[in-house]
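Student: Take this structure, written in structure tokens, and hold onto it; I'll ask about it next.
Taken together, the values in this text are just the output of simple stated rules run on the coordinates, not laboratory data. Keep in mind that what you see is a predicted model, and the values were worked out from it rather than measured. Here the Cβ is made from the backbone with ideal geometry for all residues, glycine too, and neighbour counts use every protein chain on show.
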Amino acid sequence: MAALVFPRFQTLDFFGPIEMLGGFRDEIMVTTVAMDKEPVPSRHGQHIVPDCSLAERTDYDLLFIPGGDSALDAAKDPALMQWVRDVADQAERVLAVCTGTILLGMSGVLDGRRATTNKLDFMATVPLAPNVTWVKEARWVRDGKFYTSSAVSAGMDMALGVAKDLFGRAAAEEMAEGNEYLWNSDPDHDPFAKAAGLG
């Protein structure tokens, strides 16, 4: 799995899903990818050292894109956006959290597909990808091989949904339990949409 990072990525957006999917160590190898191999700072200041640069490869089975306010800046980089398109074209599944979904939408790969994103910034950000069918009320959305989620902790619910599709519900529930995490397994249950005035 290629796990993309860019400067000031949202920490829980990234590490929450990685905790859930990376727990399937025999089936999923997580490779952190960035523009180059220099340490990348998160929004909260911690640095992560990438395993690969964008230029090294595009042949990943899974693609994962976290969010963060800086995702919209990252989406301005033509090389990064072309890498996203190339990897998404080959990948068996593509996952994005929060404003990472906006980045994915801006690449064009979600055109004509259903997706969701951060509810507090929903109305301000979805116009950046106008050809996506944006879902206002959803914890996460699956459309074919594409999985997109609302903000931050919603990425963990989505990641467990991916685990369910890959390995079965029992395996996903065992992973959630092992992390002492109460999995919201209903992708349509989204109380935060209502709180943001979208539901």
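Student: How much mean residue ellipticity at 222 nm does the chain get from its helices, if each DSSP H run of length 4 or more adds -39500 (n - 2.57) and you divide by all residues, to the nearest 500 deg cm²/dmol?
Tutor: Here the helix-only value at 222 nm equals -10000 deg cm²/dmol.
Student: Another question, then. Cα gyration tensor of the range 21-102, axes a ≥ b ≥ c as square roots of the eigenvalues: rounded (a/c below 1.5), prolate (a/b > b/c) or oblate?
Tutor: rounded
Student: Let me ask another. Take Met175, Met20 and order them by how many other Cβ atoms sit within 10 Å, fewest up front.
Tutor: Fewest-to-most Cβ neighbours within 10 Å comes out as Met175, Met20.
Student: 7 Å from Cα along Cα→Cβ at both Asp186 and Asp165: what's the point-to-point distance in nm?
Tutor: Computed distance between label sites Asp186 and Asp165 equals 2.1 nm.
Student: Please report Asp190, Asp165, Asp121 as a ranked list, fewest other C-beta atoms within 10 angstrom at the top and most at the bottom.
Tutor: The most exposed by this proxy come first: Asp165, Asp121, Asp190.
Student: With a ≥ b ≥ c the root eigenvalues of the C-alpha gyration tensor of the range 1-67, is it rounded (a/c under 1.5), prolate (a/b larger than b/c) or oblate?
Tutor: oblate
Student: Determine the dipole magnitude for the chain: charges of +1 sit on the beta-carbon of Lys and Arg, -1 on that of Asp and Glu, nothing else is charged, the reference point is the Cα centre, and the result goes in debye to the nearest 20.
Tutor: Dipole size: approximately 540 debye.
Student: List the relative contact order of the chain as a percent without decimals, with contacts defined as Cα pairs under 8 Å and 6+ residues apart.
Tutor: It comes to 19 percent, rounded to a whole number.
Student: Sticking with this one: Among the trypsin sites (Lys or Arg not before Pro) within the range 42-85, which fall in a DSSP loop and have no more than 14 other Cβ atoms within 10 Å of their own Cβ?
Tutor: Arg57, Lys76
Student: Taking neighbour Cβ counts within 10 Å as the exposure measure, how do Tyr147, Tyr60, Tyr181 sort from fewest upward?
Tutor: Listing Tyr147, Tyr60, Tyr181 from fewest to most nearby Cβ atoms yields Tyr181, Tyr60, Tyr147.
Student: Once a ≥ b ≥ c are taken as the square roots of the eigenvalues of the Cα gyration tensor of the range 75-199, is the result rounded (a/c under 1.5), prolate (a/b larger than b/c) or oblate (a/b not larger than b/c)?
Tutor: oblate
Student: Further, regarding this structure: Evaluate the distance, in nm, between pseudo-label points positioned 7 Å from the Cα of Glu173 and of Asp61 along their respective Cα→Cβ axes.
Tutor: Label at Glu173, label at Asp61, 2.5 nm between them.
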